[in-house]
Amino acid sequence: SAVISQKPSRDICQRGTSLTIQCQVDSQVTMMFWYRQQPGQSLTLIATANQGSEATYESGFVIDKFPISRPNLTFSTLTVSNMSPEDSSIYLCSVRGFSNYEQYFGPGTRLTVT
Amino acid sequence: GIQVEQSPPDLILQEGANSTLRCNFSDSVNNLQWFHQNPWGQLINLFYIPSGTKQNGRLSATTVATERYSLLYISSSQTTDSGVYFCAVGGEGGNEKLTFGTGTRLTIIP
């Protein structure tokens with residue numbers, strides 16, 4: 001399975017600011033995804049990060065609020081823009097490899113917006 | 001979109017007990033995975049099981065795709081099994097996206 005790291009692991013931010021979360025994988029992967037997990041809830045897919053092109057966003061999520069980059073097959077970033085307390089969540093990077101359909105998750109970024 | 005319901009929502013057991021967690025989904029799927037989220041938040045992939053039965057140590061899973069459900073069995077529970085168990089499904093046509101279920105929170109008491 002892939003080894004996935006995320007930076008930062010946690011942060012406390014003020015409303016109105018932006019935070020960029022990095023996701024690094026130790027091997028090339030086909031698919032990279034970004035999920036949000038609000039306190040006590042299940043996971044919700046934000047978008048699929050596409051290498052070299054615009055991300056594919058799920059209903060309810062827009063590029064202006066959650067811009068995503070994926071410059072190569074091992075790295076992606078998610079920015080949470082103009083934050084409000086409702087953005088306080090765990091943000092998780094997930095990947096799928098070339099050889100199977102299993103998905104693996106990074107350790108997550110715990111974001112608190114005050 | 002596809003709906004994924006898990007039961008029970010909460011389960012408290014003594015160490016050594018066995019348990020069965022259920023996942024029901026509302027439409028045909030070609031991808032089903034079980035995950036364990038430990039108390040520190042890390043998600044671990046337990047099984048990729050769109051159909052059939054698999055076993056890994058004390059854990060096993062069965063998916064009956066035609067009846068749209070999957071079961072996760074945990075035998076001889078240990079305190080390290082505590083956490084939240086999620087079922088996630090992907091639809092037909094090579095859909096890569098996973099829709100996560102509501103989760104089952106398992107607490108194992110020593």
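The values are calculated or read from the model by the stated rules, or taken from the named source; none is laboratory data. Please read all numbers here as calculations on a predicted model, not as lab measurements. Positions of Cβ are backbone-derived with ideal geometry, glycine not excepted, and every protein chain shown enters the neighbour counts.
Observations
- Among all residues of segment B:71-85, there is at least one that is within 10 Å of the chain's Cα centre (by Cα) and within 14 Å of chain A (Cβ to nearest Cβ).
- For segment A:1-55, the tally of residues that are within 22 Å of B:Gly103 (Cα to Cα) and not aromatic (Phe, Trp, Tyr) stands at 12.
- Set side by side, the residues A:Gln28, A:Gln6, A:Gln51, A:Gln41 differ, and just one is in a loop (DSSP other than H, G, I, E, B), within 14 Å of chain B (Cβ to nearest Cβ) and within 18 Å of A:Tyr104 (Cβ to Cβ), which is A:Gln51.
- Screening segment B:53-110 for strands (runs of 3 or more DSSP E) wholly inside it with 1 or more residues that are among the polar types (S, T, N, Q) and closer than 19 Å to B:Pro8 by Cα returns the ranges B:59-64, B:69-74, B:104-109.
- Subset of segment B:1-47 that is among the aromatic types (Phe, Trp, Tyr) and at pLDDT 95 or above - its residue that is nearest to A:Ser5 (Cα to Cα): B:Phe35
- Any pair with Cβ under 9 angstrom, 6 or more apart, that starts in segment A:29-52 at a residue that is modelled with pLDDT of 95 or more and ends at one that is among the hydroxyl-bearing types (Ser, Thr, Tyr) and not in a strand (DSSP E or B): A:Gln38/A:Ser88; A:Gln41/B:Thr102; A:Ser42/B:Thr102
- Pairs linking a residue in segment B:96-110 that is more than 9 Å from every other protein chain (Cβ to nearest Cβ) to a residue that is acidic (Asp, Glu) and in a strand (DSSP E or B), with Cβ atoms under 9 Å and 6 or more positions apart or on different chains, are B:Thr104/B:Asp10; B:Arg105/B:Asp10; B:Leu106/B:Asp10; B:Thr107/B:Asp10.
- Some residue of segment B:65-78 being modelled with pLDDT of 95 or more, basic (Lys, Arg) and in contact with a helix residue (DSSP H, G or I) (Cβ under 9 Å, 6 or more places away or on another chain): no
- If you filter segment A:67-88 down to residues that are part of a loop (DSSP other than H, G, I, E, B) and surrounded by fewer than 20 Cβ atoms within 10 Å (Cβ to Cβ), you find that the one that is nearest to the chain's Cα centre (by Cα) is A:Pro67.
- Every residue from segment A:62-114 that is of a type in the set (Asp, Glu) and within 9 Å of chain B (Cβ to nearest Cβ): A:Glu102
- Cβ pairs under 9 Å, 6+ apart, first in segment B:3-16 and more than 18 Å from A:Thr44 (Cβ to Cβ), second surrounded by fewer than 11 Cβ atoms within 10 Å (Cβ to Cβ): B:Gln14/B:Pro110; B:Glu15/B:Thr79; B:Glu15/B:Pro110
- Filtering A:Tyr101, A:Tyr91 for residues that are under 13 Å from the mean Cα position of the chain (by Cα) and crowded, with 16+ Cβ neighbours inside 10 Å leaves a single hit, A:Tyr91.
- All of B:Pro50, B:Pro39 fail the test of being surrounded by fewer than 21 Cβ atoms within 10 Å (Cβ to Cβ) and either more than 9 Å from chain A (Cβ to nearest Cβ) or among the β-branched types (Val, Ile, Thr) (or both), apart from B:Pro39.
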